[in-house]
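Read through the structure below, which is laid out as C-alpha cells, and then see the notes.
The values are calculated or read from the model by the stated rules, or taken from the named source; none is laboratory data. Quantities reported herein were computed from a predicted structural model and do not represent experimental measurements. Please note: Cβ atoms are built from the backbone with ideal geometry, for glycine as well, and neighbour counts cover all protein chains shown. Just the protein is used for accessible areas: all its heavy atoms, side chains included, with ligands, DNA and RNA removed. Shrake-Rupley method; radii C 1.70, N 1.55, O 1.52, S 1.80 Å.
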Amino acid sequence: MLARLNNRHALSARRLRLWMRFVQPGKIAALAAIFITLGIGFFADYQNRMVSRQQARTTVSEQLGVVRMRLEGNINSNIQLVRGLVAVIAATPNLDQARFAKIASRLIGKHSQLRNIGAAPDLVIRYIYPIKGNEQAIGLDYTENEEQRAAAMRAVQSGDMILAGPVDLVQGGRGFIGRFPVFVDGPNEADNFWGLVSAVVDVEALYADSGLFDPSLPIDLAIRGQDTNVDDDTVFFGDPSIFQSDPVTTNLSLPNGQWRIAAIPRDGWEQAFGDVWLFRLFIIAAILPLAALVAFAGHLYDERRAYVGELKRQQVELHRLSRRLGLALDTSRIGVWELDLDTMGLRWDGRMKELYGLPPNAPVDGPDVWRAALHPEDRERADQTFQLSIAVEAPYSDEFRLMLPNGETRWVRTMGAIHTEADGRRSILGVNWDVTADIQLKTRLLAAKKTAEAKNRELEEARAQMEYNSLHDSLTGLPNRRYLDDKVLSNRDLPVSVALLHVDLDRFKHINDTLGHAAGDAMLMHAASVLKANVGEHDIVARVGGDEFIIATTATIDEQHLSAMAGSIIEQMREPVPYRHQECRFGASIGIAAGICPSTESLERLLIDADIALYRAKKEGRNRYAFFSETLKAEAMQNKRVADDVLGSLERREFVPYFQPQFDAKTLDVVGVEALARWVHPQHGMLPPSAFLSVADELNVVPLIDRMILEQTLWHSTEWQAHDISIPRMSVNVSTGQLKSDRLIENLSDLVLPATKLSFELLESTFLDDDDAMIANNIEQLREMGIGIEIDDFGTGHASIVSLIQIHPSRLKIERRLVAPIPHSSSQRRLVASIIEIGHSLGIEVLAEGVETLEHAAILRDLGCDSLQGYALGMPMSSRKLIEFVREERWRKAA
C-alpha cells in the first residue's frame, strides 16, 4: 500500500514539472491577478458608492444644521429684544408715543431684523416705531381685521407670545409677526390685560442675515410650517419639490411651535455622490498595468541577475544619500510624497503619515487617501488645482486644510513637480509641511485689521454723536450749559441787552425719590415743554443742571415783561402732571438778572447774578421769582462765610464717624459696620451729612472729610480689639474726586490698613459706566492692597451688567428706596430678588439698606439677601455706644 502511494506521488510530480515546462507561469499569474483585481474593484466600487452617499447626506446635514442655528438664533434674539420692551410697558403702561419710540429705537437696527414695533392697547394699534412707512398700521383694530384677528386672539387666549407668518403687511411687504400679550398689575396683585405688542420681523432681512440667500451656500432649502404649525404643509420658502427629493430634514424650534426645514445638494444627489466612473476608470487603469507587470516579470528575471552587482554598489551609495536626505527631512519636518501618474500609485513617507494623523503602518493605496483627509470645504478646490497641474504639466503648489482623525484641523502647504523616468513612466514628486501657525497668525492679523477699521468707523460716528450730545441734554433735547457758553456767551454779535432767567424746579427731588427716576424724567420733559411754550422765537432755553434751566432772551427786557414771563411759567408749573394714575405736583423758582453786556465776561457775571436771585426766590418760599439786586449780592457774601465755617471745622477736626452695624441675614451676627460722617458743630451740635455735604462738595473738600473719617475709623478699630469686640469688616465712603486722583494710592501709603477687613463704598453713579482709566487703575490697586470694593445705593444709577463684570465688587448695597416697598409690593420684591440673583450669579455679596422693620428683615432673608443694615436692627452710633451695643447684643432682644 505504501509503495503504491509513493509511485502515485512521483507520477504527479513528473506531470506537474512537464506542465510547468510548456505553460508560461507569467500568463497564469497575470490572469490570476486580473481576476483578483476585478473582484476587488467591484467590491471597492460598491463601497465607494455607499460611502459617497453617506458622506453627501452627512455634509448636507451639517450645512443644514448651521442654517437652522442661524435662523433659530436670529428669531429668538429678536423675540428677546421685544420681551424687554414688553417688560417696560408692563411696568409703565401709560407711556406715550415719544417714550415708546425712544425705547423701540434701541431695538431696531443692524443688530436685529425687526422692521417695526407697534403697541396696541385694548387691541388697537396706537403706538408704532418707526412711524415713517408704517402710517397705515396706526389705528388697526385686531378685532376687525380678518387676516390678523385669529392670531391676535390666540395670543390673548394663550397668555404668551404667538409668532405668525409670513403674512402680507398692511403697510406693505411681508414679515413674521410676533404678538406679545401685556399684563399689568391690578388690584389684589391680579394681572390685568393691557393689550398687545406686535413686532414685525422683516422676511427678507431674516433670510439674508441667516445666510439663506448666500450664493456660496451649497444646498437648496425649503421651509414649511405656516404660523409655526409644523404639521402645516404650506411651503413659504424655497421650492416645494425639495420635500419630494429625499431631503435631509430637521425641525426649527420656536417659542410657540416649529418649522420643518428640508435640504438637498444644489446640484442634486447624483453630483453630490462624486464621479463614480472616475473611480471605476481608476480600477481599470490599475488592472492593466498589473497584468503587464506580471507578464513582464519573467522576462526581467534573467536580466535581474546581470544587474545584481551593479545594484549592490548603487544601493550602498543610495543608502548613504537616503540617510542624508532623511536627516534633512526629519530636521525640517517636511513630508515627501510621490504619485505614479500611470498607475496612480501613491507613496508617503513617515512624516507624511504623521502630518495626516495616520499610524506609521497605515496603508496608502492611492489619491483617495489624500482626498478623504481634505477638509470638506477645501476638497473640491484642492482636487481641481492638483488635476490642473497634472493636465498642463505645470509645477504644483497649493494650501489646504486637513481634517485629522482626532477632529483637529491642520493647514498644509504643498509643492510638487512632474518628472519622467528613463523608461517613460511619469510621476509627480512633492513635499508637504505644516503651516497652521502661519495661517492662524495671518487670520488673526486680518481679523485685527477688520476690527480696527470697524472701530475707526464707530469712533467717527461716536465722535459726531458725542459732539451733539455734548451740546444738548439727552433727556429733554434742550441745549446745555456748554451750548450757552459756546454759542451764546462767546458770540460777539449777540445784542448787548440780555436778560437771563435761572429756573429751578421745586419738589423735584421729592418726586424723584418717591416715584423713581422715570417719574423725574417725565417731570423734566413736562417742564421743558412749559419753558419752550413761554419764550420767543429767538430766545434760548437750556438745561444746565439736574432740575435747573436757563432762559436767555434778547427781546424786551423790561421788568414788566420779564415778570409776566416768569409769572406765566410759575403758574403753569403748578398745574398737576398726570403720571401712572396719579397727579404729580411741583413748582418752579426763578432768578432774573438783566443788564447791558458789552463782553462775554459781563454775560458770565449775569449768570452769577441770576443764580443769586434764584437763591433768594427759594429762600423766600419757592414757587416765585426774584430780581437780582445789590442787596442780594451782599447776602451771597454772607453765604460764603458759611462755607468758611466748614473749612474751619476741617482744621479743628470737628468731623467724626458714627457707625451703623451690618448683620448676617440668617444668623443676625454682626458682620461689619459702615462709617458715616457727622459734624460736631460748635453752636449747632451734631449735624448729619445733609447739613454740610452739599457745601463741602462745592468747596471740593469731601476727599478731606473722607480721609478724616477713614483715619478715625482705623483708630477706633484698635479700640474695638482692645475691648475684645469683633467687627469683621469696616466700610468707609470714598468720593469720586478721590477715585479720579492719581495720588490716591500714595495718600493711603502712610496708613496701616487692615487687610481683608476694610472696604471702600462707592456710589453706583460714580464709576460703573464711566470709562475712566484712572478710576479703573485705582480700583485695581485698592483690591491688590486687600481693600474691598462695595457699590453703595445700587439701583439708583445706570450701571450695566458688563460694568459689574469689569469692576467685580465684593458687595452690592441695595438702595433703601428699593427695599422700603417690598412688604406690600410683589413687583418690588421681584425686582429686589432679581438684583440679589444678579449679584450672586456674579459671585458678589448683596446687602440691603433701609431695613426699617423686622418684616423687611424676614422678607430679605427669604429672598437670599446676604446682609442687612437699617434702623430695625441698629442705628448709627458712636464707637463707645457700638462697643456696648455689640457686647449686650441688643438687636437680638429687639428681634
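A few comments on the model shown:
- Using a simple spin-label model with pseudo-atoms 7 Å out from Cα toward Cβ, residue 517 and residue 446 lie 4.4 nm apart.
- Only Lys, Arg (+1) and Asp, Glu (-1) charged, at Cβ; the chain dipole about Cα centre in debye: 4420
- If R0 is taken as 41 Å, the Cβ-Cβ distance between residue 825 and residue 700 corresponds to a FRET efficiency of 0.55.
- Simple spin-label estimate for residue 743 and residue 55 in nanometres, 7 Å along Cα-Cβ: 7.4
- When the chain is reduced to its Cα atoms, the Kirkwood hydrodynamic radius in Å: 36.6
- Per DSSP, loop chymotrypsin sites (Phe, Trp or Tyr not before Pro) in the stretch 696-797 with at most 10 further Cβ within 10 Å: none
- Cut-off 18 Å, label 7 Å out along Cα→Cβ of residue 111, residues of the stretch 453-483 by amide N: 454-463, 465-466
- The chain, helix-only ellipticity at 222 nm - DSSP H runs n ≥ 4, -39,500 (n - 2.57), divided by all residues, nearest 500: -15500 deg cm²/dmol
- Distance from the stretch 532-586 to the stretch 779-839 (C-alpha centre basis), Å: 37
- Dipole of the stretch 811-885 [Lys/Arg +1, Asp/Glu -1 at C-beta], most positive-end residue of 820, 877, 850: 877
- With DNA, RNA and ligands ignored, accessible area of residue 865 (1.4 Å probe; Å², nearest 10): 0
- Here the spin labels are modelled as points 7 Å beyond Cα on the Cα-Cβ line, and at residue 319 and residue 645 they lie 10.9 nm apart.
- In the context of the full protein assembly, residue 81 retains an accessible surface of approximately 50 Å², using a probe radius of 1.4 Å and ignoring ligands and nucleic acids.
- Amide proton proximity set for residue 877, modelled H, under 5 Å, gap of 5+: 659, 660
- Degrees between helix 702-722 axis and first principal axis of the chain (Cα, 0 to 90, nearest 10): 80
- Centre-to-centre, using Cα atoms only, the stretch 201-234 and the stretch 714-739 are separated by 63 Å.
- Relative contact order [Cα under 8 Å, 6+ residues apart], the chain, whole percent: 6
- Where trypsin sites (Lys or Arg not before Pro) fall in DSSP loop in the stretch 393-430, at most 15 other Cβ within 10 Å: 425
- The GluC sites (Glu not before Pro) of the stretch 109-175 that DSSP puts in a loop, and whose beta carbon has at most 15 other beta carbons within 10 Å, are 144.
- For the pair residue 419 and residue 806, the difference between a 0.36 nm per residue extended length and the Cα-Cα distance amounts to 133.1 nm.
- Whole-Hz ³J(HN,Hα) from phi, Karplus 6.51 cos²θ - 1.76 cosθ + 1.60, for the stretch 365-381, glycine and proline x: 7, x, x, 4, 4, 5, 4, 5, 7, 5, 4, x, 6, 9, 4, 5, 5
- Taking amide H positions as modeled 1.01 Å from N, with prolines and chain starts lacking one, the residues under 5 Å from residue 584 and 5 or more places away or on another chain are 577, 579.
- Relative to the current alpha-carbon distance between residue 510 and residue 153, full extension at 0.36 nm per residue lengthens the span by 124.3 nm.
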